[in-house]
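Taking it in order: structure first as structure tokens, then the write-up.
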């Protein structure tokens, strides 16, 4: 009897997860800002769209929905979250929306992160032919490198 109950509980949890994922995706697709504001704990939930695991922020970023990206960030979405080797900045760079990229960088996305394939967001922008995004990200990469060079080094004492 317990096995049967556990089986039904697992099915219900799975159905609830799929429903939540489709609701998040649907809300972003339909630019339903009120629904997105109600995400709360689901704001960084990973879901699958077209065989790719994404966060709501990554999904809005690749779609180039700057207003939605801004709303998600204001409501607690993490610009630093990495899912299967990619972050929202990489998806935004692939999508080519400069405003999304700028919002993510301002929110703390790491321009030096590399995907599984060793490519940065700038590399993805170049590959996709988004020169304005690539130029901006190149400037951000250069600034980050200079910042790291200027950082005081810690001496190791024995």
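Every number in this text was worked out from the coordinates using simple rules, so none of it is lab data. Just so it is clear, the structure is predicted and the values come from calculations on it, not from any experiment. Cβ placement follows ideal geometry from the backbone for every residue including glycine, while neighbour counts extend to all protein chains displayed.
I need the Debye-formula profile for the stretch 2-150: one equal scatterer per C-alpha, no solvent, reported as log10 I(q)/I(0) at q = 0.09, 0.13, 0.17, 0.19 1/Å, two decimals. Evaluating at q = 0.09, 0.13, 0.17, 0.19 Å⁻¹ gives log10 I(q)/I(0) of -0.31, -0.59, -0.90, -1.06. Considering helices alone, the calculated mean residue ellipticity of the chain at 222 nm is -18500 deg cm²/dmol, with DSSP H runs of length four and up weighted by -39500 (n - 2.57) and normalised per residue. The angle between the Cα long axis of helix 131-150 and the main principal axis of the chain comes to about 70°, on a 0 to 90 degree scale.
Compared with the dominant Cα axis of the chain, that is its longest principal axis, helix 2-29 is turned about 50°. Between residue 45 and residue 145, full extension at 0.36 nm per residue minus the direct alpha carbon distance yields a gain of 32.8 nm. Between residue 113 and residue 31, take the C-beta separation as r, use R0 = 22 Å, and let me know the FRET efficiency to the nearest 0.05. Step by step, r from the Cβ atoms, then E = 0.20. Against the compact-protein benchmark of 2.2 N^0.38 Å, the Cα-based radius of gyration of the stretch 62-115 scales to 0.98.
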